[in-house]
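Trainee: Could you have a look at this structure, given as structure tokens, before my questions?
The values are calculated or read from the model by the stated rules, or taken from the named source; none is laboratory data. All of these numbers come straight from a predicted model, not from anything done at the bench. Cβ sites come from the backbone with ideal geometry, for glycine too, and all protein chains shown count toward neighbours. Just so you know, the surface numbers come from the protein's heavy atoms only, side chains and all, with ligands and any DNA or RNA stripped out. Shrake-Rupley method; radii C 1.70, N 1.55, O 1.52, S 1.80 Å.
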Amino acid sequence: MNRVTSLLGIKYPIVQAGMVWCSGWRLASAVSNAGGLGLLGAGSMHPETLREHIRKCRAATPHPFGVNIPLMYPQIEEIMQIVAEEGVKVVFTSAGSPKKWTGWLHDRGITVVHVISSSRFAGKAEEAGVDAIVAEGFEAGGHNGREETTTLCLIPAVRAATTLPLIAAGGIATGEAMLAVRALGAEGVQVGTRFALTAESSASEVFKDYCLHLEEGDTRLLLKKLAPVRLVRNNFRDAVEAAEAVGATEEELRVLLGRGRAKRGIFEGDLEEGELEIGQVASLLHGKGVQSVPAVMRELVEEYKRAWERMQEVSW
């Protein structure tokens, strides 16, 4: 037990990231049933779709689960109202300032965890009154900070900047990585890529198989003028790189991105024209195949324990 497990009411300090087009009720409930905290990804759901997933998740697990809400969501007021009406107890906020909504959520008995990418934003999140923070390094697959700070550098910097419970994210897919960020000051981990490629993820099976065969260097952080995201090489990424190389404006990139590009790639499995978001750590999963959530959770915990035992035997 530590501050993260106590705060979230979970057995293991492992949080499944609330990823667009991956994090439906099946994934979230499976993670919660396995002892972690599952998150529904509101960023890819219409308000009533989110309500449906909350109800299905509650029916599928007696354990705590939460909702990840990007604060730039266009129908944010409606989403927040649904979360409150449905009795959700944990909300992870991202992609914006938590100042406006943290108090509102607290007034309704909801725990608030905010995702940040720098020690400066960690301080602002603490000032806003959040209960804990996720510090996400630039290895991550989802929307990243423009600073491109790696997890190895970010976690100790954030630990020095705040007293809040700290959850590390970005490049974490093994028990060894969990132990490493613990040594840097984290009290828990948020895992995205590893859970995005499980059997319970709502991502396309074509997308999962493709990502499970990636090599080192097959992803790049792009679209920094919009919202930085790590993309896998395909026709769409080639077009983005070509546009950015000649100084495309924010509006030009927005037109190139269009609407529904992430859905097209991740959910529908269009490997050439879709937006394929995944973390650098996918290359470590090469050849593992599509695993179940319980298998992944067991592996993470067992790897962590073995790594801890090995460390007790090492003399530097």
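Trainee: Given an 8 Å cut-off on Cα distances and at least 6 residues of separation, report the relative contact order of the stretch 163-206 as a percent.
Mentor: On the way: 39 pairs, mean separation 16.8, N = 44.
Over the stretch 163-206, the number comes to 38 percent.
Trainee: Oh, and also: Return, ordered by residue number, the residues of the stretch 188-221 whose backbone nitrogen is under 12 Å from a label point located 7 Å along Cα→Cβ of residue 268.
Mentor: Zone members listed by number: none at all.
Trainee: Which listed residue (258, 133, 214) has the Cα farthest towards the positive end of the charge dipole for the chain, taking +1 on Lys and Arg C-beta and -1 on Asp and Glu C-beta about the Cα centre?
Mentor: 133
Trainee: Identify the trypsin sites (Lys or Arg not before Pro) of the stretch 211-304 meeting these criteria: DSSP loop state and at most 12 other C-beta atoms within 10 Å of the C-beta.
Mentor: Sites meeting the loop and neighbour criteria: 259.
Trainee: If you average the sequence gap of Cα pairs under 8 Å that are 6 or more apart and divide by the length of the stretch 191-261, what percent do you get for the contact order? Please report the intermediate quantities before stating the final value.
Mentor: Details: 42 pairs, mean separation 13.5, N = 71.
Worked out over the stretch 191-261, it gives 19 percent.
Trainee: Which of rounded, prolate, oblate describes the stretch 223-291, given a ≥ b ≥ c as roots of the alpha-carbon gyration tensor eigenvalues and a/c under 1.5 marking rounded, otherwise prolate only if a/b is larger than b/c?
Mentor: Prolate shape, in that a/c is at least 1.5 and a/b is the bigger ratio.
Trainee: List, in order, the whole-Hz ³J(HN,Hα) value for each residue of the stretch 115-124 obtained from phi through the Karplus relation with A = 6.51, B = -1.76, C = 1.60 and θ = phi - 60°; use x for Gly and Pro.
Mentor: 8, 10, 10, 7, 5, 5, 5, 4, x, 5
Trainee: Let me ask something additional. Over the stretch 38-106, what is the mean sequence separation of C-alpha contacts under 8 Å (at least six apart), divided by residue count, expressed as relative contact order in percent?
Mentor: 36 percent
Trainee: Kirkwood Rh over alpha-carbon pairs of the stretch 63-125, then Stokes-Einstein at 25 °C and 0.890 mPa s: what D in µm² s⁻¹, rounded to an integer?
Mentor: D = 205 µm²/s.
Trainee: Using 0.36 nm times the number of residues separating residue 100 and residue 153, minus their current alpha carbon distance, what extension gain do you get?
Mentor: 16.2 nm
Trainee: Here is a further query. What is the mean projected area of the alpha carbon convex hull for the stretch 25-182, to one decimal in square nanometres?
Mentor: In nm², the orientation-averaged hull projection of the stretch 25-182 is 8.8.
Trainee: Where in the stretch 170-200 does the label zone of residue 1 land, with the point 7 angstrom along Cα→C-beta and an amide N cut-off under 18 Å?
Mentor: Residues 187-188 qualify, since their backbone N sits under 18 Å from the label point.
Trainee: Over all Cα pairs of the stretch 1-78, how is the pair count split among 5 Å bins, expressed in % and running from 0 up to the last occupied bin?
Mentor: That works out to 3, 19, 27, 23, 15, 10, 3, 0, in percent per bin.
Trainee: Out of every Cα pair in the stretch 104-192, what percent are spaced more than 16 Å from each other?
Mentor: When every Cα pair of the stretch 104-192 is considered, 48 percent fall beyond 16 Å.
Trainee: For a distance above 27 Å, tell me the whole-number percent of Cα pairs in the chain that qualify.
Mentor: I get 38 percent for the Cα pairs in the chain exceeding 27 Å.
Trainee: Another one. Given the C-alpha centroids of the stretch 6-38 and the stretch 249-316, what is the distance between them in whole angstrom?
Mentor: 15 Å
Trainee: While we're on this one: Would you work out if the stretch 220-260 is rounded, prolate or oblate? Take a ≥ b ≥ c from the square roots of the eigenvalues of the alpha-carbon gyration tensor; rounded if a/c is under 1.5, else prolate when a/b is larger than b/c, oblate otherwise.
Mentor: Note, shape of the stretch 220-260 comes out rounded.
Trainee: For 92, 65, what's the largest-to-smallest order of accessible area, 1.4 Å probe?
Mentor: Per-residue accessible area, sorted high to low, gives 65, 92.
Trainee: Hey, can you grab everything whose amide H is under 5 Å from the amide H of residue 93? Only 5+ residues off in sequence or another chain; H modelled, so Pro and N-termini drop out.
Mentor: Under 5 Å from the amide H of residue 93 lie the amide H atoms of 69, 113, 114, 115, each far enough along the sequence or on another chain.
Trainee: Mind checking the per residue accessible area of the chain for me, 1.4 Å probe, whole number of Å²?
Mentor: On a per-residue basis, the chain sits at 44 Å².
Trainee: Over 30 Å between C-alpha atoms is what I'm after, so list which of 99/288; 99/224; 224/305; 11/288 land there. Could you put the intermediate results ahead of the total?
Mentor: On the way: 99/288 41 Å; 99/224 24 Å; 224/305 38 Å; 11/288 26 Å.
99/288; 224/305, as the Cα separations exceed 30 Å there.
Trainee: Right, here's the next one. Tell me, what ³J(HN,Hα) does each residue in the stretch 31-45 have, in order and in whole Hz, if you take phi through Karplus 6.51 cos²θ - 1.76 cosθ + 1.60 with θ = phi - 60° and put x for Gly and Pro?
Mentor: 5, 5, 5, 8, x, x, 10, x, 10, 7, x, 5, x, 10, 10
Trainee: Tell me the carbon and sulfur percent of the accessible area for the stretch 113-204, rounded to whole percent, probe radius 1.4 Å.
Mentor: That share works out to 56 percent.
Trainee: For a test of the definition: using alpha carbon positions, the gyration tensor, and the 1.5 limit on a/c, classify the stretch 98-248 as rounded, prolate or oblate.
Mentor: Taking the square roots of the gyration eigenvalues as a ≥ b ≥ c, the stretch 98-248 is prolate.
Trainee: GNM on the chain, C-alpha springs below 10 Å: top fluctuator among 245, 169, 295?
Mentor: 245
Trainee: I've got another one for you. Quick one: P(r) of the stretch 166-316 from all Cα-Cα pairs, 5 Å bins, percents rounded to integers, in order of increasing distance.
Mentor: Per 5 Å bin, starting at zero, the Cα-Cα P(r) for the stretch 166-316 comes out as 2, 9, 16, 19, 16, 14, 10, 7, 4, 2, 1, 0 percent.
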